[in-house]
Structures are given as structure tokens and as C-alpha cells.
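Participant: I'd like to ask you about the structure that follows.
The values are calculated or read from the model by the stated rules, or taken from the named source; none is laboratory data. Quick caveat, the model's predicted, so the values are computed rather than measured. Don't worry about glycine lacking a Cβ; one is built from the backbone with ideal geometry, like all the others, and counts go over all protein chains shown. Heads up: the accessible areas ignore ligands, DNA and RNA and are worked out on the full protein's heavy atoms, side chains in. Shrake-Rupley method; radii C 1.70, N 1.55, O 1.52, S 1.80 Å.
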Amino acid sequence: MPTVEVYAHETLGKDLHALTFASPIDLRANHCQPGQFLHIRVSRSFDFLLRRPLSLCDADVEHNRLTVVYRVSGEGTRRLAARKPGDLIDVLGPLGQGFPIHDMDRRALLIGGGVGVPPLLELAKQLRASGKSVQTVVGFQTAGQLMLIEELAVYGEVAVMTDDGSAGERGRVTAALTAELCADADRYYACGPSVMLRAVQEEMSGKGVPGYLSLEERMGCGIGICVGCVHPVLRGGKLANAKTCRDGPVFDAQEVVFP
Amino acid sequence: MNGSQGDVDLSVSLLSLHLKNPVMPASGCFSFGKEAASFYDLNVLGAIVVKATTLEERLGNPTPRVAETAAGMLNAIGLQNPGVQRVMAEELPGLRRYPSVPVIVNVAGTAVEDYVAVVKALSTSPDVSAIELNISCPNVKCGGIQFGSDPRLAAAMVRAVKTVATRPVIVKLSPNVTDIVEMAVACEEAGADALTLINTVIGMKIDLEQRRPLLANGSGGLSGPAIKPIAIRMVYEVSRYVNIPVIGVGGIMTGADAIEFLLAGATAVQVGTANFVDPLACPRIIDETREWCVQHGVRSIRELIGVSWRANGR
Ligand SMILES: Cc1cc2nc3c(=O)[nH]c(=O)nc-3n(C[C@H](O)[C@H](O)[C@H](O)COP(=O)(O)OP(=O)(O)OC[C@H]3O[C@@H](n4cnc5c(N)ncnc54)[C@H](O)[C@@H]3O)c2cc1C
Ligand SMILES: Cc1cc2nc3c(=O)[nH]c(=O)nc-3n(C[C@H](O)[C@H](O)[C@H](O)COP(=O)(O)O)c2cc1C
Ligand code: FES
């Protein structure tokens, strides 16, 4: 499979890394959508068999490079963290359906939690490039886990929430979704853990704002052949199990069902 | 074409089917082929085995459905599929684009009558070359596993299916039994045309943080390199004993793995989990198999089948 060269591997914080590598596809010829993911092998041997899904965080079209930002959360990401510039890594993607950008929108609200924050950066960039104003709310457990705040602030105002109040305001992201913040938002885009997405979906549908949710499920293949990564959705009034890797990870918030 | 590719003849015959090479994707590890077709021309494949098909639509199990383990993975998909009618109407016709590739449809169910009904329906389809009876899925309550672990029930199932089948019937066996040879013989005597072994090995992973099984289903089926020695042993013992062809599956990642299965006695091989790691696994394994034959002076791959136990082996 496509092996590409690591261009840079920066440490952004404790156990937090930004990995930049040559894009497996030509970015000038192929548009990649924010919210799509890269499926990366962390080892050449078969002891770590499955690829790890990491969201596209930045697409540098000019240099044909992609960046993912990830937290070391297990043995696989720990292995990945050892990669150095010049190393070759096996990357599949960008895969899946990302966040659609709507021509008529003027104002977008971005909502992220934890490792769901990275895809919002490329999204904010592309939204600004198409002339929309961007407001972002991000939530983390604690100050030590903050990521990409300054980078996001380039594209619009960023509100920070932490569970323990050690940075920004204390509380969940939903607490920041005030009536005035949502009043003139045409659409919201959310990525984070399921509990957060469920709360955001409820809050925003109550406020009448349409939006998209980027779901997280454990993946086998990432290309739609194992049916491991499904999430329930309502389609045509019928409950179905959609593949988050191929039909998603981004879904219209209206159709997502949380079991 | 006489099936020879380059200097090496990779073709094998399996029942009435001519396979241009012995490599086919395993059931449940290829869906119905649409996705893989965006990576390569499926015409290179020896055959295609599609996802398990049941009488009615099944939504499958809740998630997590997959978990990585050392050199392997656990899955508990739970036979998610649209049901046999939609499979025939919506999925199989797409494979007509690959006329040189036989299509084997994997069949699962709960009761004998379900299997019989599905096989009856499939026997009317022009798109089905053979049936693979999945009497061994570990992930559904009553998902066929009781047939897979009791030789008498397995034999009764095979007999019932054979009375309605108009295509060859391959029986896929579970490794989760005490005596695999006894199961194989029971199926052969009941009229099975070929055997596939093995399905996944039942396993479990506990999430240390949650202190509960990681898979929503609790247990799951182990696949990947971790199970290859189990599969090799079973193919070796069964192929020596029965007179019907054996298709080997379990942990094949490379051409060398495929060769090992042929030497153990398999006439053809299936590639499962490797497709998840490398979407190009099947064509790569075919190339590596040919390369191995070239390097070892093997003119026809058929020379290798069962050599490890044949008295006149090298
Ligand atoms: C579409 C998508 C996009 C993602 N984007 C990012 C991102 O941009 N940055 C980031 O830090 N993390 C992201 N994640 C989570 C990331 O995939 C996991 O943290 C990572 O796979 C953990 O691997 P590990 O080997 O370190 O952990 P282990 O626990 O050792 O992994 C074991 C297995 O479980 C899987 N797994 C473990 N945790 C998760 C999880 N939370 N989600 C899905 N699979 C998991 C692994 O892929 C692997 O197959 C994303 C997940 C998904 C589904
Ligand atoms: C995600 C997944 C789904 C599977 N689904 C089926 C299935 O529907 N029917 C079946 O007979 N076997 C199914 N299997 C078993 C495989 O076909 C194969 O027998 C097994 O995985 C061992 O081969 P491998 O190690 O190459 O994967 C499935 C395996 C996996 C990993
Ligand atoms: S991860 Fe295999 S179908 Fe989505």
C-alpha cells in the first residue's frame, strides 16, 4: 500500500503530536474534505495488525502534505510517535465522507471535544476560505489536554471549556452553546466523544440549528468491507446500521440515532 | 486462456469450477466486492466469497464489534446483511463484470429451514457458482454454531441443503470443536462437495478501564496471523482424511502463507483479515505466490497440494 515519507513530527504537548507526511493522493487534483480521515499502520510487522484512524487536521495543497494531530492513548499511537522525518509510513486515504460546506451559509459554529478537535482546524480553514464566519467551542477534561487553540483562533473566536475548570470556563461544551451564540448560526459542525455528540445533538435540535456530527467507532478496515464500524441512523423512516468509515464519519445530525 | 500466467500455471480446479489461481477473499472480509473494486480489477481473483447471507435482513450486533489483539483481531459483526432477496437483486449482479471469477455465496441462518430456504433462493440465481454453508459463525446466538459443533446436526443440515441445491455445496467448519476430522467426515458422508476451514476461533478481550469485555457481544471470533497454526493443523489433518477438496483459511497475509496452506493439503485458499490491513492483499498474495513458484522451480501450483503429508513429498 502507499508508503509516504514523514516530513515533520512535532510534539505539541504531553503525549500530543503533529505528524506531517506526503499526501498519498495529489491534493491539487483531488479535493479533500475536512472531517475525512487517514488510516495509518503503526508498524510494519503484523503484531499491531489494524490501522489507526486519525482525522485530517491540515491539508497543505501547495506542498502536497497532510497533517494529523493525535494523542498517544495506547500502544499503537505510542509506536507511531517514534516515527522521524524521512521515515516511511503506510497511509490509506483520505477516506470517508467529511463535513459538507454549504454555499448559502454565512456563519458556522464548530464544536469539538478532546481528540475530536483536530478535524475542526481544516474545517475552519476551508470555511473561512469560502467566506464564512467561524465561531468555535472546544471542550477538554483538563488544561493539560488543550490542543490547537491558537491555530483555531486564526479563523475566529474560540471558547474553551474544561470539566475541572483548569482552563477556560468550567463545564461541558453544551454549557457554552448559549442562545445568543446559536441565534445567528446557520449550521453547526461537531466532532468528539459520543456522550458529547449526543448532548450537542439534543441541544442544537432544540435550538433549531441544523448540523453535522462526526462519529467515532472502532474500525477494522476503514474502507467499508468489514462492517465493524457501524452506527445506527434513521434513513427513510427505517433504522439502519451505517458504516462510519464509508458512509461517515460525518453524518447529518438529524439522522444519527444514539442507542 | 489455459490458465497459465507467466511461466507458472497457478490454476486449480475446485469441484466443477476452474480457478485461474487458488486465491479468493474470505466471506465477511470483502463485503460484496464493490469497495475492493475501487482498488484493483477483481478479474485477477481466483474466486470471490461474499458476505454471509441470511433469509431476512439482519442489523447485526451493537458496537464495539471489532478489537485488535496480538497479531490478530476479534470480531462480533453478527451477520449484518440485507437478506437473500436483496443480495440477489442488488449485490450479486454487480459481480457479472468479472465473468472469469466464480462467485461463492456464504449462507448463514438459525434453523435448518432457514438455510434450505436461502439455498433454494440462491439456486435460481444466475450469479451463484457455489454455496458455502457457514455452520460455524460464533457471533450470533443460535447463529449456526450448534450445527458447527455437533457432527450429527451438521450432517443433517448438509443433507437437507443438498436436496435443494443446484450448485456445489462447500461446508465451512468451525475450529471450535474437539475433533475436526470427525466433523469433516460427517459432512463428507452427508454429501458436502468441499470443505472450508477454518472459521474464526472464539475469543474475548477485557477492557481494563471498563473492567468488562471490550466487544458489545462479549466474545468474538479471532482471526489473523494469530490463528494460522491452528488452521494449518486442521487443513493438514482433514485433507489427509477426506476425499473432497479443502479450502484453507486463517491468517494468510503473504504468498508464503498461501503456499503453506497448499502444502498442508488445501486446494485453494481464502484471505480474510489481510484485506482490512491491506486492500491490495489478494492481488499481492497472488503475485507473491507466483513469484515463490518461479523461485522454487514449481511449474504448476497443483504440484504443491498436500505435499507435506504425501509419502512422495520432497
Ligand atoms: C474517524 C476517527 C478519527 C479520529 N481522529 C483522531 C485524531 O485526529 N486524533 C486523535 O488523537 N485520535 C483520533 N481518533 C481516535 C484514534 O483513532 C485512537 O485514539 C487510536 O486508534 C488509538 O490507538 P492506540 O493503538 O494508541 O490505542 P489502543 O487502545 O491500543 O488501540 C487498540 C485498537 O482500538 C482502536 N481504538 C482505540 N481507541 C479508539 C478510539 N477512541 N476510536 C477508534 N478506535 C480506537 C485502535 O484503532 C486499535 O485498533 C479518531 C478515531 C476515529 C474513529
Ligand atoms: C469481520 C469478519 C467478518 C466475517 N464474516 C464472516 C461471514 O459472514 N461468514 C463466514 O463464513 N466467515 C466470516 N468470517 C470468517 C472469515 O471468513 C475467515 O474464516 C476467518 O476470518 C479466518 O481467516 P483470516 O484469518 O484470514 O481472517 C469473518 C471474519 C471477520 C474478521
Ligand atoms: S471499518 Fe470496516 S466497514 Fe468500516
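Participant: Once you order the gyration tensor axes a ≥ b ≥ c over the Cα atoms, which shape class does the protein assembly as shown get: rounded for a/c under 1.5, otherwise prolate or oblate by comparing a/b with b/c?
Facilitator: Note, shape of the protein assembly as shown comes out prolate.
Participant: What does the structure give for A:209-221 when I average, per residue, the other chain Cβ atoms found within 10 Å of the residue Cβ?
Facilitator: For this peptide, the per-residue mean of nearby foreign Cβ atoms is 3.
Participant: Could you tell me the accessible area of B:Trp309 in Å² (1.4 Å probe, neighbours in place), rounded to the nearest ten?
Facilitator: Counting only protein heavy atoms, the figure is 80 Å².
Participant: Got a sec? What order do B:Glu288, A:Glu255 fall in by accessible area at 1.4 Å, biggest, i.e. largest, first?
Facilitator: Output order, biggest surface exposure first: B:Glu288, A:Glu255.
Participant: What accessible surface, in Å², does a 1.4 Å probe find on B:Met88, ignoring ligands, DNA and RNA and rounding to the nearest 10?
Facilitator: In the full protein context, B:Met88 sits at about 40 Å².
Participant: Let me make sure I get this right: for the range A:107-252, a, b and c are the square roots of the gyration tensor eigenvalues over alpha carbons, sorted descending. Under 1.5 in a/c it's rounded, otherwise prolate if a/b > b/c, else oblate. Which is it?
Facilitator: Since a/c reaches 1.5 and a/b is larger than b/c, the shape of the range A:107-252 is classed as prolate.
Participant: What lysines does B:Lys228 reach when the alpha-carbon gap must be under 23 Å and sequence neighbours fewer than 8 apart in one chain are set aside?
Facilitator: B:Lys51, B:Lys172, B:Lys205
Participant: How high is the relative contact order of chain B, in percent, counting Cα pairs under 8 Å that sit 6 or more residues apart?
Facilitator: 19
Participant: I'd like the mean, over residues of A:24-31, of how many other protein chain beta carbons sit within 10 Å of each residue's own Cβ.
Facilitator: Counting Cβ atoms of other protein chains within 10 Å of each residue's Cβ and averaging gives 0.
Participant: Which whole-number percent is the relative contact order of the range A:107-252 (Cα, under 8 Å, 6+ apart)?
Facilitator: Relative contact order comes out at 20 percent.
Participant: Please report, as a whole percent, how much of the solvent-accessible surface of chain A comes from carbon and sulfur atoms (probe radius 1.4 Å).
Facilitator: With neighbouring chains kept in place, the figure for chain A is 48 percent.
Participant: Continuing with this model, one more query. Ranked from highest to lowest mean number of other Cβ atoms within 10 Å per residue, what is the order of the peptides B:36-42, A:232-238?
Facilitator: B:36-42, A:232-238
Participant: I've got another one for you. Which residue, A:Ser205, A:Ser23, A:Ser214, has the most motion in a Gaussian network model of chain A that connects Cα atoms within less than 10 Å?
Facilitator: It is A:Ser205.
Participant: Post the alpha-carbon centroid distance, the range A:205-259 to the range A:114-159, in whole angstrom.
Facilitator: With the range A:205-259 and the range A:114-159 each reduced to a Cα centre, they are spaced 22 Å.
Participant: Using a Gaussian network for chain A with springs between C-alpha atoms less than 10 Å apart, which of these wobbles most: A:Glu150, A:Glu62, A:Glu202?
Facilitator: Fluctuation is largest for A:Glu62.
Participant: Could you tell me which trypsin sites (Lys or Arg not before Pro) in the range A:1-87 are loop residues by DSSP with no more than 13 other beta carbons within 10 angstrom of their beta carbon?
Facilitator: Of the trypsin sites (Lys or Arg not before Pro), the ones in loops of the range A:1-87 whose Cβ has at most 13 other Cβ atoms within 10 Å are A:Lys14, A:Arg28, A:Arg44.
Participant: Compute the separation of the alpha-carbon centres of the range A:1-19 and the range B:148-210 and state it in Å as a whole number.
Facilitator: Rounded to whole Å, the Cα centres lie 46 Å apart.
Participant: Under a straight-distance cross-link criterion of Cα-Cα below 22 Å, which lysines are reachable from A:Lys132, leaving out those fewer than 8 residues away in the same chain?
Facilitator: Once the sequence-local lysines are set aside, what remains near A:Lys132 is A:Lys207.
Participant: Based solely on its DSSP helices, what 222 nm [θ] is calculated for chain B when runs of n ≥ 4 H residues each add -39,500 (n - 2.57) and the sum is averaged over all residues, nearest 500 deg cm²/dmol?
Facilitator: One gets -8000 deg cm²/dmol as the mean residue ellipticity at 222 nm.
Participant: Net charge around A:Lys207, counting only other residues with Cβ within less than 14 Å of its Cβ (Lys, Arg = +1; Asp, Glu = -1)?
Facilitator: Charge balance near A:Lys207 sits at -3.
Participant: Express the accessible area of the range A:118-259 per residue in Å², computed with a 1.4 Å probe while the remaining protein chains stay in the model.
Facilitator: In whole numbers, the range A:118-259 has 42 Å² accessible per residue.
Participant: Leaving ligands, DNA and RNA out of it, report the carbon-plus-sulfur percent of the accessible area of chain B at a 1.4 Å probe.
Facilitator: 52
Participant: With a 10 Å cut-off between alpha carbons and a GNM built on chain A, which of A:Ala59, A:Ala240, A:Ala124 moves the most?
Facilitator: Judging by the Gaussian network model, the answer is A:Ala240.
Participant: How many Cβ atoms of partner chains, on average, are near each residue of B:56-68 if near means within 10 Å of its Cβ?
Facilitator: Mean shielding by partner chains, rounded to a whole number: 5.
Participant: Is the range A:202-253 best put as rounded, prolate or oblate by its Cα gyration tensor, with a ≥ b ≥ c the root eigenvalues, rounded for a/c under 1.5, and otherwise prolate when a/b is larger than b/c, oblate when not?
Facilitator: Cα axes put the range A:202-253 in the prolate bin.
Participant: Relative contact order (percent) for the range B:187-304, with alpha-carbon contacts under 8 angstrom and 6 or more residues of separation?
Facilitator: Over the range B:187-304, the number comes to 22 percent.
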